[in-house]
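Heads up: the structure comes next, in structure tokens.
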Amino acid sequence: MIRPPLPRWLLLPVTAAVVFLGVPLVALLARVPWTRLPALLSAPAALDAFWLSLRTCALTTLVALVLGLPLALLLSRGKGRWAAAGRTLATVPMVLPPVVAGLALLVALGRREPLGGWLAASGVDVAFTTTAVVIAQTFVAMPYLVVSVEGALRSAPDDYAIAAATLGASPTTVLRRVSLPLVAPAIASGAALAFARALGEFGATLTFAGSLQGTTRTLPLEIYLQREVDTDTAIALSVVLITIAALLVAATARFSRGAWSQP
Amino acid sequence: MSRQLCAGLAAALLLTACAPASSGSGNTDLVVFAASSLNPTFATLGKEFEAAHPGVTVRFSFDGSAALVDQLKAGAPADVFASADKANMDKASTAGLIGNSPVQFTTNALTLIVPKGNPAGITGLDASLDNKLLVVCADGVPCGTATKKLAAALGVTLKPVSEETKVTDVRTKVESGQADAGIVYVTDAKASGGKVDTLPIAGADKARNSYLIGRVLASKQASLAAAFVTLITGERGQQVLETAGFGG
């Protein structure tokens, strides 16, 4: 059956939407000093920021997978008040203004706060370290993985898991051989989304981790600094960030399309 | 019908978005772009300016000097620009954005601050900072350029754990006790009240930075803008600035 066509007047708001979203990006690309781009991007400060961002985002994605997958599994089975509360807790950091996330982390883990002070006294002082960057990024990025995987698990068919269990597979085997492979595309797209969100993390890192070249100054923080110092470098680095983000989002879309095709 | 509705809606949205925030009857806006460190003092003086000029509303945009220059270059509607250093005012002048030649109206010096009670036992820009968490401004922003100049003049090597883009970010990290010490402007230390202890730096005068103010060329309120500049450079303006720790 062929879907009925959309009304033609929709083109008007659609054009407005595309222009609205596209113009700032095109304007930024138009301002890029293309001839100086290689020199700007190979400056030590830019390279340090780039590698620090890639390293911390990879670590963040790993932590988000290790901690977020079990949470998503449990939430997908949960019903009632506790599951609702858990789901809210797992989603709130997503919509929290970044500076608020940074403040929350600072109040929790700051050196002069009860918990942070106790940790520092036991030798775990994260203040101004790369660890603090990963903590800030994980706090805001993990929810993307949890929400994405939980949604997929909820809408995934139960038949295969039930069949496997009936045939004598242990819960771990069902999880490893059936349930997780079934939502593999969602895990991949959730991980890509978490990576992309971590890459853009700015407010929490700035508030909580500080800004030092090679240690805590990730790409967004370097852009923020260069905006004050040299606009051309800020724009060049922005293009790098946009490119990586666009690739990740495209990859996410590809993973999502692949869902359910190979149970 | 629906197309007209859409167009009407879009036009209405655009109009609302583009209309100036305050276009009250007979009211004139004077827009002042000023460096972040001028925040409490200029706000106070703005109130007095409004009282002296009925029907005038002074609206401030406080931000980093470089960010303000970028906004001016992009055509932001401002009448007066006050920069926290000469370099950024020069950038604005070179770009042909400033009307008359800008004037220096005050200076600011750097100082060392520590969390209240000085938990890390810092004594100054000396060995007491070894292995302690020192936070400064990044080289390239006005307070960071001044910090670099001061360290060079005093012959000390600083090993900060963080180089912030805004001086207020240095201040808040010391206030919260996250950092053991920070280098900020004297005015920031004063504005912090009782939350930090101040350790004056001997020789801080070697790296004072100058604050400059000028009328924006594109301003349609030339005489009002000039009157505001006069208030700042005049006796009353200087008095308020000195109380906050500027100059001296």
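The values are calculated or read from the model by the stated rules, or taken from the named source; none is laboratory data. Every value quoted in this text rests on a predicted model; they were computed, and no experiment measured them. Positions of Cβ are generated from backbone atoms using ideal geometry, with glycine treated the same way; all protein chains shown enter the neighbour counts.
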* Asked: Identify, please: which residue in segment A:100-139 is polar (S, T, N, Q) and away from chain B (no Cβ under 14 Å) and is, among those, surrounded by the fewest Cβ atoms within 10 Å (Cβ to Cβ)?
  -> A:SER122
* Out of the residues in segment B:158-172 that are within 19 Å of A:THR215 (Cα to Cα) and of a type in the set (Ser, Thr, Tyr), state the one that is farthest from the chain's Cα centre (by Cα). => B:SER162
* Asked: Do we find a residue being surrounded by 15 or more Cβ atoms within 10 Å (Cβ to Cβ), more than 16 Å from A:LEU153 (Cα to Cα), in contact with a Leu (Cβ under 8 Å, 6 or more places away or on another chain) and small (Gly, Ala, Ser) anywhere in segment A:70-81?
  -> no
* How many of the residues making up segment B:116-139 are under 24 Å from A:ALA45 (Cβ atoms) and either touching a Leu at 6+ places or on another chain (Cβ under 7 Å) or among the hydroxyl-bearing types (Ser, Thr, Tyr) (or both)? -> 3
* Asked: Somewhere in segment B:121-133, is a residue within 14 Å of chain A (Cβ to nearest Cβ) and among the small types (Gly, Ala, Ser)?
  -> no
* Structure fact -> All conditions in (1) over 23 Å from A:LEU109 (Cα atoms); (2) among the β-branched types (Val, Ile, Thr); (3) outside any helix (DSSP H, G or I); (4) within 14 Å of chain A (Cβ to nearest Cβ) are true of B:VAL156 except (4)
* Mind checking which helices (runs of 4 or more DSSP H) fall wholly inside segment B:1-102 and carry at least 2 residues that are at pLDDT below 90? => B:2-18, B:39-52, B:65-73
* To do: Evaluate the following for A:ARG254: is it basic (Lys, Arg) and within 11 Å of chain B (Cβ to nearest Cβ)?
  => no
* Structure fact -> Per the filter on segment A:90-99, residues under 19 Å from A:SER211 (Cα atoms) and either within 13 Å of chain B (Cβ to nearest Cβ) or without any contact (Cβ under 8 Å) to a residue 12 or more places away in the chain (or both) are A:VAL99
* Count of residues meeting criterion [away from every other protein chain (no Cβ under 14 Å), over 15 Å from B:ASN108 (Cβ atoms) and in contact with a Leu (Cβ under 7 Å, 6 or more places away or on another chain)] in segment B:172-212 -> 2
* To do: Check segment A:158-177 and report whether any residue there is touching a residue at least 60 places away in the same chain (Cβ under 8 Å) and either surrounded by fewer than 16 Cβ atoms within 10 Å (Cβ to Cβ) or within 14 Å of chain B (Cβ to nearest Cβ) (or both).
  => no
* Hey, A:ALA245 more than 14 Å from chain B (Cβ to nearest Cβ), among the small types (Gly, Ala, Ser) and over 13 Å from A:THR56 (Cα atoms) or not -> yes
* Only residues in segment B:59-74 that are over 13 Å from B:LEU97 (Cβ atoms) count as the first member; pair them with residues that are basic (Lys, Arg) and buried (at least 17 other Cβ atoms within 10 Å of the Cβ), Cβ under 7 angstrom, at least 6 apart or cross-chain, and list the lot. => B:GLY64/B:LYS166; B:ALA67/A:ARG227
* To do: Mind telling me which of the residues B:ALA153, B:ALA120 ends up being closer than 20 Å to B:VAL184 by Cβ, touching an Asp or Glu at 6+ places or on another chain (Cβ under 6 Å) and of a type outside the set (Ser, Thr, Tyr)?
  => B:ALA120
* Within segment B:162-171, is there a residue that is more than 9 Å from every other protein chain (Cβ to nearest Cβ) and over 24 Å from B:GLY237 (Cα atoms)? -> yes
* To do: Report the residue count in segment B:134-153 for those that are of a type outside the set (Gly, Ala, Ser) and within 12 Å of chain A (Cβ to nearest Cβ).
  => 9
* How about segment A:224-238: which of its residues are surrounded by fewer than 22 Cβ atoms within 10 Å (Cβ to Cβ) and in contact (Cβ under 8 Å) with a residue 40 or more places away in the chain? -> A:ASP232, A:ILE235, A:SER238
